[in-house]
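Q: Dumping the structure here so I can ask a few things about it.
We did not get these values from a lab; they are worked out from the coordinates using the rules stated. Please read these numbers as outputs of a predicted model, since none were measured by experiment. We place every Cβ from the backbone using ideal geometry, glycine too, and count neighbours over all the protein chains shown.
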Amino acid sequence: MDFLPAVTPPAIVLATLNAKFIHASLGLRCLLANMDLHGGPGLRARTQLREFTIGQRPIQIAEELLALAPRVIGLGVYIWNTVETTQLVRLLKALRPDIKIVLGGPEVSFETGEQEICRLADHVITGWGDVSFPKLCRALLDGPAPLMKIIPGEQPPLSELALPYNEYTAQDLAKRLLYVEASRGCPFKCEFCLSSLDKTAWAFELDGFMGEMDALYRRGARNFKFVDRTFNLKVDFSVRILQFFLDRIKDAAGAAGAAGAAPELFVHFEVVPDSLHEKLKALIGQFPPGSLQFEVGIQSFNPEVQQRISRRQDNDKTAENLRWLVNESQAHVHADLIFGLPGETLASFAEGFDRLHSLGPHEIQFGILKRLRGTPIARHTADFAMVYDPQPPYTILQTGAVDFVAMQRIQRFARYWEMLANSGRFSAALGLLLGTPAPAQLATVQASGPGLVAASAFWNFLAFSDWLWQTTGKTHEFAPEKLVDVLFEHLTAVRALAADEVRAALLLDYRASGARGRPHCLAELLGAERQTASAGASQRGAQRQSRHVSQQNQQSQQQSHRDAVQKAAAAA
């Protein structure tokens with residue numbers, strides 16, 4: 001009879017609750033990689049990593065952790081998982097009070113005295129944990145017992161840290177988004193961001209970092225998300241990193257014998273919007289569609305608000321760079337705005353939103369201000385009557401300039417915008433909804449001023465958002481067919497647009513989406529295509545970025561169809 005070898009239970013378990021399975025925690029892997037280096041020989045072998053999601057029940061997670069029989073459990077705590085992690089810690093301490101619970105992460109690095117989770121835990125490491133966590137674990141296992149509950153994290157030179165990329169498993173490489181960092185910190189002081197507390201940005205030694213990227217790529221990694229706050233700040237570093245990925249795209253295309261084939265590689269960077277060196281442009285312009293994504297943090301176009309929150313940004317240069325990325329490169333551009341900043345009014349935000357929308361980014365991430373623990377934005381609370389939700393994620397509820405009712409309208413706007421605009425499923429109909437001109441007319445409108453546009457994109461979408469809420473009372477669980485029908489109803493009954501024109505746009509969008517159902521407003525048109533529906537359905541797996549990449553082609557088709565409708569009407 002064969003017996004399985006005995007498995008030694010880990011002394012230490014590193015765990016966190018991710019937002020989704022696809023996310024792989026870079027922070028935990030940084031700790032894991034440094035266990036021997038900073039905790040002493042053999043500590044890494046006594047440590048296991050376990051990742052969960054916030055959708056799992058805390059009692060289920062507790063059962064899995066306790067089954068490992070560890071002596072120490074380290075938990076990464078963030079703004080999006082602190083409620084669930086608090087429930088988990090409460091269970092762990094009730095069931096096994098002898099297990100030492102150690103917390104770390106941005107949510108517990110500040111205001112520790114105000115948090116139940118910190119009271120429940122045995123130790124809290126604030127700030128960097130790469131060095132402090134292994135040292136603490138060694139003391140907890142072998143003594144002498146640490147005297148301090150709150151332990152300020154040590155911040156060593158980056159050259160003294162082991163890189164974490166070997167800790168990504170084959171399953172991680174095959175099924176998950178890989179987070180990597182070429183640098184830590186940020187030199188800017190935007191008060192809504194925890195990085196404003198950094199003195200500067202620190203770069204990892206580039207040769208070693210590139211060697212790790214090469215090793216990941218050779219192991220099969222094809223999806224890289226850089227978490228650097230300021231990727232394009234140090235141009236020579238940025239050039240080398242971009243060239244590395246571009247070379248591999250070209251090599252793969254050459255080996256396949258099809259330079260125009262869709263690339264397997266996908267790379268995401270966060271960039272400083274008003275700094276785009278010509279060396280970077282020369283490389284960016286060579287990336288094929290679907291391979292490169294930029295997250296561009298605009299946050300606000302209001303100079304007074306920017307100054308108030310210590311944000312340095314050349315708005316004209318930012319607009320110029322965004323325009324270049326959208327029009328002269330094939331990168332997917334994801335631009336961020338924040339609503340609820342101190343002193344920002346609904347009207348001033350609308351002006352900034354319209355300016356950003358006119359630049360044509362593929363997605364506008366419409367965020368609502370959150371008061372992250374420790375950030376300097378708190379200094380404006382009294383002067384600008386800032387009221388935040390006391391529960392995570394501490395979202396702004398009202399300000400002196402925007403009351404609670406208006407803030408709720410904007411919350412719904414953000415949800416509907418994500419559903420309709422950022423999904424990429426309604427690019428043709430969105431042009432009608434926002435009141436924007438067709439692509440061929442855009443240059444004329446911009447040259448002539450806003451008077452030619454019936455209303456701004458912001459106000460048009462807000463009107464739709466208000467109507468949709470009043471009509472349905474829902475912000476979630478809209479089937480694709482339902483969205484088509486509510487768009488048709490709004491555009492024809494409320495906006496009084498021609499039904500044929502609206503149907504043409506919605507049909508174009510619906511065909512491209514690959515959805516299987518039959519919206520009421522398109523029933524007759526889709527009925528004739530019933531036998532060919534399966535061909536469209538094969539496109540359902542397309543990524544949302546692919547929808548945005550083809551947006552200009554869809555808009556061109558929409559304009560051609562619109563011209564045909566108008567000619568037919570004139571002939572009649």
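Q: Using Cα pairs under 8 angstrom and six or more residues apart, how large is the relative contact order of region 215-337, in percent?
A: Across region 215-337, relative contact order equals 28 percent.
Q: Say a paramagnetic label sat at a point 7 Å from the Cα of Leu68, along Cα to Cβ; which residues of region 130-156 have their backbone N under 20 Å from it?
A: 130-142
Q: OK, next. Of the labelled options [x] 27.4; [y] 26.3; [z] 30.5, which one gives Kirkwood radius over Cα pairs in Å as computed for this structure?
A: [y]
Q: For region 217-238, list residues with backbone N below 18 Å from a point placed 7 Å from the Cα of Gln286 toward its Cβ?
A: Answer for region 217-238: 235-238.
Q: Quick one: helix 404-417 against the long Cα principal axis of the chain, what's the angle to the nearest 10°, folded into 0 to 90?
A: Its long axis makes an angle of about 80 degrees.
Q: For Ile22 and Phe244 in the same chain, what is the full-extension length gain: residue separation times 0.36 nm, less their Cα-Cα distance, in nm?
A: 77.5 nm
Q: To continue, here is another question. Given region 12-160, what count of lysine pairs have C-alpha atoms under 19 Å apart, with each pair 8 or more places apart or on different chains?
A: So the count of such lysine pairs works out to 4.
Q: Let me ask another. How tilted is helix 480-489 with respect to the longest principal axis of the chain? Cα atoms for both, answer in degrees (0 to 90, nearest 10).
A: 40
Q: Let's test the formula: R0 of 22 Å, r as the Cβ-Cβ distance of Asn327 and Lys279. What FRET efficiency results, to the nearest 0.05?
A: 0.70
Q: Label-point separation (nm) for Arg516 and Arg50, each offset 7 Å from Cα along Cα-to-Cβ?
A: About 3.8 nm, to one decimal.
Q: Report the calculated FRET efficiency for Glu114 and Val235 (r = Cβ-Cβ distance, R0 = 35 Å), to the nearest 0.05.
A: The computed FRET efficiency comes out at 0.25.
Q: If R0 is 30 Å, what FRET efficiency do you get for Val83 and Ala350 from their C-beta distance, rounded to 0.05?
A: Taking R0 as 30 Å, the efficiency between Val83 and Ala350 is 0.35.
Q: Let me ask something else. Pairs of alpha-carbon atoms within less than 8 angstrom and 6+ residues apart define the contacts here; what relative contact order does the chain have, in percent?
A: 9
Q: Let me ask something else about it. Which pairs in the list Lys199/Lys225; Lys175/Lys474; Lys281/Lys370; Lys250/Lys281; Lys370/Lys474; Lys175/Lys234 are over 29 Å apart, alpha-carbon to alpha-carbon?
A: Check vs 29 Å cut-off fails for Lys175/Lys474; Lys281/Lys370; Lys175/Lys234.
Q: Going by how many other beta carbons lie within 10 Å of each one, how would you line up Asp336, Asp389, fewest first?
A: Arranged by neighbour count, lowest to highest, Asp336, Asp389 become Asp389, Asp336.
Q: May I pose another question? For region 12-160, with equal point scatterers placed on the C-alpha atoms only and solvent neglected, what are the log10 I(q)/I(0) values from the Debye formula at q = 0.11, 0.14 1/Å, to two decimals?
A: Taking Cα atoms of region 12-160 as identical point scatterers yields -0.36, -0.61.
Q: Let me ask something else about it. Which log10 I(q)/I(0) values, to two decimals, does region 54-132 give at q = 0.19, 0.26 Å⁻¹ under the Debye formula with one point per Cα?
A: Once normalised to I(0) and log-transformed, intensities are -0.77, -1.36.
Q: Same structure, new question: Note the angle between two axes, namely the Cα long axis of helix 457-472 and the longest principal axis of the Cα atoms of the chain, as a number of degrees from 0 to 90, rounded to the nearest 10.
A: 80
Q: Another question, then. Return the distance in nm (one decimal) between the two label points of a simple spin-label model at Asp500 and Gln60, each offset 7 Å from Cα along Cα→Cβ.
A: Spacing of the two 7 Å Cα→Cβ label points: 5.4 nm.
Q: Between Glu320 and His476, what is 0.36 nm times their sequence separation minus the Cα-Cα distance? Round to one decimal in nm.
A: 52.6 nm
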